[in-house]
There are 2 protein chains.
Amino acid sequence: MSLLVVGSVAIDSVETPLGRAADVVGGAATYFALAASFFAPVRMVAAIGDDFPEQALSDLRERGVDLSGVERRPGTTLRWSGRYHEDMNVRDTLALDLGVFAAFQPLLPAAYRDSRFVFLANIDPRLQQAVLEQLPAPGIVGCDTMNHWILESRADLERLLQRVGILVINDEEARLLSGERNVVRAARRILTLGPKTILIKRGEYGVIQFSANSVFAVPAFPLEEVFDPTGAGDSFAGGFMGYIARSGDLSEHNLRRAVVYGSAMGSFAVEKFSIQRLLEVGPAEVAARVRDFHRLVSFEQELEA
Amino acid sequence: MSLLVVGSVAIDSVETPLGRAADVVGGAATYFALAASFFAPVRMVAAIGDDFPEQALSDLRERGVDLSGVERRPGTTLRWSGRYHEDMNVRDTLALDLGVFAAFQPLLPAAYRDSRFVFLANIDPRLQQAVLEQLPAPGIVGCDTMNHWILESRADLERLLQRVGILVINDEEARLLSGERNVVRAARRILTLGPKTILIKRGEYGVIQFSANSVFAVPAFPLEEVFDPTGAGDSFAGGFMGYIARSGDLSEHNLRRAVVYGSAMGSFAVEKFSIQRLLEVGPAEVAARVRDFHRLVSFEQELEA
C-alpha cells in the first residue's frame, strides 16, 4: 500500500572525518522516500527551489516515488551544511538557509488523500497536523520531530502526538520530550502521550523499540567505514515504514522485522555520501544485510535442564 | 572447572543520581568473582587491609569462592570514591587511596597453579604477567586493562596481550589501544596484538564481541533504574568467563551464550549499590534474565520468497 511522506528536501554540504561532499542531495523526505521505495510505493510532499537537480527527481521517480506532491517554487532549495566530529554522533551545523522551505505549506494532491500510511518527517508540528487534516482516513501515522519543536512548540507537538501511532526520535529528543534521562522511563512516559510504538534511535548504537508490552533492541550494523551519517535516521524510518506499509501488519513480529529492515537501510545510507548508496543498492543486498543482522544478534538459548 | 581471578578488592564510596553509598564493598575481583560463582568455582587472588569487612569474605566463601589467595595485610584496603553524572556512562573519581594494593604482588597458592581458566582484572600489566608466569598451563586467559596502562605501560601490555585469548575492554580503551575511532577497525587492529576474541563494553549500549570470523552484539538490558553502574563491566566479565569455565567450550555458539550470561550478570550488578544485588540473585532469576535478553533481541527472518 502507498506510503505518504512529508518533509524536507535539501541540498547539503557535508564534511566528515572521511571526506567532504558539497551541494549534494539531502533532506529527510529524500532519504525516507528512497529507503521506503524498496518496500512500498511512496508519495512525497515537499518543496524544492529552482536549483534542485532534475537528476535527483528522475532518480526518485525511477524508484517508484510519486512526486506529484513536490512543488518547485522560485527561489533556492533548503540548504544545510554541517561538519561531523570524530565521534560521528556529534555534528555542528555550519549554515542553514531555509530557502523555499521557509514558506512551505504542505498541500496534498487529491490523489494522495486516500493514503493510509503516513510519515510526518521532522517539520513544524503545525504543518504535520495540517497534513493529517487533509487525510480523511490516515491509518498508521509515523512521526519524527526535533529538539527545536519540543522546546518551542510543545503544545502543538503534544496535540499532534495524540494522533501519532509510531514516533521515531533520537535518544536526546526522547529525554527532552519526556524529562527522563533513563531511556526506558523516557519511552514509558512518551507512550502516555499517544504513540503506541516509540522507536528511539541511538546513532552508532542502533535502535530500541518500545510498546506497551514489549521492548526490542537492534544494534547498528558494525561498519568499518561510516562515510556520512547524514540521513541514517531518515533512511531507517523509511525502511521501517515502508516495510509496514507493504503488509499493513502491525503485529509484534512484523514490527520487529520492520525495525531490522529499517536498520539495514540506515546502514546502507551511511556507506557513501548523500543518497548515493541508497541509489546503488538492490533487493538482494538488502536481503543479505538483513541476514547479516540476524547473524549479528542471534544466540541459542541453552536447553533447559 | 575452576576459574582464577586476580584483581582489586576495594571499599567504595559512590554517588549516583539515584543515591549514595559510603564504605561499601567493591573492586573488580569482587564483582567478577561473585558473578562468575554462578557458573564455576572461583579462585581469587587479591590483597585486603585490616579494614575489609569479614562479612564480605564470608559472602564470597558462601558462593564457593576460594579465598586462600586473598592476603590480609596491615593497612587499609584500596579505597575509591566516585560520582556518576546524570549520564551514568561518565564518572569522576573523587578520591583514590591504594592502601595495601600499592604493594600488591600477586602470589598464587600452590593449589591454584593448576588453574586453566584465568582472568586478569585491571591491574599493572607487569603484575598480570607475573600471574601467568606462576601458571604452568593456563588454557584460557582473559584480561582487562585501562587507559592508564595503555598510555604508560604500553610495551608491557603488548607483551602480555600476546598471551591473552580474550580481551575485555571498554570502547574508549579500545580506541586508545588501537588508535582507531571506528569500533570495527579498532577490534580488527587489536586482534593482531594477540587476543582471539575482543569484547568491547559500551556501557548502557551493551557489548560487542569480535573474533576473526564473527561479530556478535548484545544490547545492555533496558532497566528503568540503574542505581550504581560500578562493577557492571567486571560482573559482565565474571559471568562471561564463568560460563566459559563451566564447559571449557570456546565454540562460537558457546561464546555468544557466555556474552549473554555475562550481560545478565552485569544487568543485575547495577540494580543496587555495591555487590548487594549479586548476593541476592539466584539461578532462576539469572535464567529468566537470559530469556528476557532473548526476547529483547529476537526477530524472525522472512521466509525467502
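Considering each residue of region B:85-121, count those that are assigned to a loop (DSSP other than H, G, I, E, B), in contact with a Phe, Trp or Tyr (Cβ under 8 Å, 6 or more places away or on another chain) and in contact (Cβ under 8 Å) with a residue 12 or more places away in the chain, and give that number. Of the residues in region B:85-121, 1 are assigned to a loop (DSSP other than H, G, I, E, B), in contact with a Phe, Trp or Tyr (Cβ under 8 Å, 6 or more places away or on another chain) and in contact (Cβ under 8 Å) with a residue 12 or more places away in the chain. Considered as a group, the residues in region A:3-26 that are modelled with pLDDT of 95 or more and among the small types (G, A, S) include one that is nearest to A:G238 (Cα to Cα), and that residue is A:G7. Contact map, region B:8-22: first residue within 14 Å of chain A (Cβ to nearest Cβ), second residue outside any strand (DSSP E or B) and charged (D, E, K, R), Cβ cut-off under 7 Å, separation 6 or more or different chains; pairs are B:T16/B:D228; B:P17/B:E86; B:L18/B:E225.
Do the conditions hold for A:L57, that is, is it surrounded by fewer than 23 Cβ atoms within 10 Å (Cβ to Cβ), within 14 Å of chain B (Cβ to nearest Cβ) and farther than 15 Å from A:S235 by Cβ?
no
Restricted to region A:23-70, and to residues there that are part of a helix (DSSP H, G or I), polar (S, T, N, Q) and free of Cβ contacts under 8 Å to residues at least 60 places away in the same chain, the residue that is farthest from A:G262 (Cα to Cα) is A:Q55. For B:E204, the conditions (1) within 11 Å of chain A (Cβ to nearest Cβ); (2) modelled with pLDDT of 95 or more all hold with the exception of (2). Check region A:248-258 and report whether any residue there is buried (at least 17 other Cβ atoms within 10 Å of the Cβ) and closer than 30 Å to A:R83 by Cα. Checked against the condition, which is being buried (at least 17 other Cβ atoms within 10 Å of the Cβ) and closer than 30 Å to A:R83 by Cα, region A:248-258 yields no hits at all.
Condition check: crowded, with 21+ Cβ neighbours inside 10 Å, touching a strand residue (DSSP E or B) at 6+ places or on another chain (Cβ under 6 Å), more than 10 Å from every other protein chain (Cβ to nearest Cβ) and hydrophobic (A, V, I, L, M, F, W, C). Does B:A245 satisfy that? Judged against the criteria, B:A245 is a match. Residues in region A:261-296 that are within 11 Å of another protein chain (Cβ to nearest Cβ) and in contact with a strand residue (DSSP E or B) (Cβ under 6 Å, 6 or more places away or on another chain) were compared, and the one that is nearest to A:F236 (Cα to Cα) is A:S263. When the residues of region B:71-84 are filtered to those that are touching a strand residue (DSSP E or B) at 6+ places or on another chain (Cβ under 8 Å) and not in a strand (DSSP E or B), which remaining residue is surrounded by the fewest Cβ atoms within 10 Å (Cβ to Cβ)? Residue satisfying both the conditions and the ranking: B:R73. Within region A:179-197, being among the hydrophobic types (A, V, I, L, M, F, W, C) and away from every other protein chain (no Cβ under 12 Å) holds for A:I190, A:L191, A:L193. When region A:199-246 is filtered for residues that are of a type outside the set (F, W, Y), over 13 Å from the mean Cα position of the chain (by Cα) and part of a strand (DSSP E or B), the ones remaining, listed by number, are A:I208, A:Q209, A:S211, A:S214, A:V215, A:A217, A:V218.
Taking (1) modelled with pLDDT under 95; (2) touching a Phe, Trp or Tyr at 6+ places or on another chain (Cβ under 7 Å) in turn, B:G142 satisfies each apart from (1). In region B:210-220, the qualifying residues are those that are crowded, with 22+ Cβ neighbours inside 10 Å and more than 8 Å from chain A (Cβ to nearest Cβ), and the one that is nearest to B:L191 (Cα to Cα) is B:F210. Note on region A:176-188: residues that are in a helix (DSSP H, G or I), surrounded by fewer than 22 Cβ atoms within 10 Å (Cβ to Cβ) and either free of Cβ contacts under 8 Å to residues at least 12 places away in the same chain or touching a Phe, Trp or Tyr at 6+ places or on another chain (Cβ under 7 Å) (or both) total 1.
Restricting attention to region A:122-145 and to residues that are in contact with a strand residue (DSSP E or B) (Cβ under 6 Å, 6 or more places away or on another chain) and of a type in the set (A, V, I, L, M, F, W, C), the residue that is farthest from A:V207 (Cα to Cα) turns out to be A:V131.
May I ask you to verify whether B:D92 is surrounded by fewer than 15 Cβ atoms within 10 Å (Cβ to Cβ), in contact with a helix residue (DSSP H, G or I) (Cβ under 9 Å, 6 or more places away or on another chain), over 30 Å from B:P41 (Cβ atoms) and not basic (K, R)?
Criteria not met by B:D92.
Would a scan of region B:6-19 turn up a residue that is assigned to a loop (DSSP other than H, G, I, E, B), β-branched (V, I, T) and in contact with a Leu (Cβ under 9 Å, 6 or more places away or on another chain)? For region B:6-19, residues assigned to a loop (DSSP other than H, G, I, E, B), β-branched (V, I, T) and in contact with a Leu (Cβ under 9 Å, 6 or more places away or on another chain): present.
Conditions (1) touching a Lys or Arg at 6+ places or on another chain (Cβ under 7 Å); (2) of a type in the set (G, A, S), marked per residue:
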{"residue": "B:F38", "(1), (2)": "no, no"}
{"residue": "B:P41", "(1), (2)": "no, no"}
{"residue": "B:A46", "(1), (2)": "no, yes"}
{"residue": "B:D51", "(1), (2)": "no, no"}
{"residue": "B:E54", "(1), (2)": "no, no"}
{"residue": "B:R61", "(1), (2)": "no, no"}
{"residue": "B:D66", "(1), (2)": "yes, no"}
{"residue": "B:W80", "(1), (2)": "no, no"}
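The single condition among (1) closer than 26 Å to A:R43 by Cβ; (2) in a loop (DSSP other than H, G, I, E, B); (3) at the interface with another protein chain (Cβ under 10 Å from one of its Cβ atoms); (4) not small (G, A, S) that A:R257 does not meet is (2).
The values are calculated or read from the model by the stated rules, or taken from the named source; none is laboratory data. Fair warning: this is a prediction, and the values are worked out from it, not measured in the lab. When we count neighbours, we look across all protein chains shown, and the Cβ atoms used for this are built from the backbone with ideal geometry, even at glycine.
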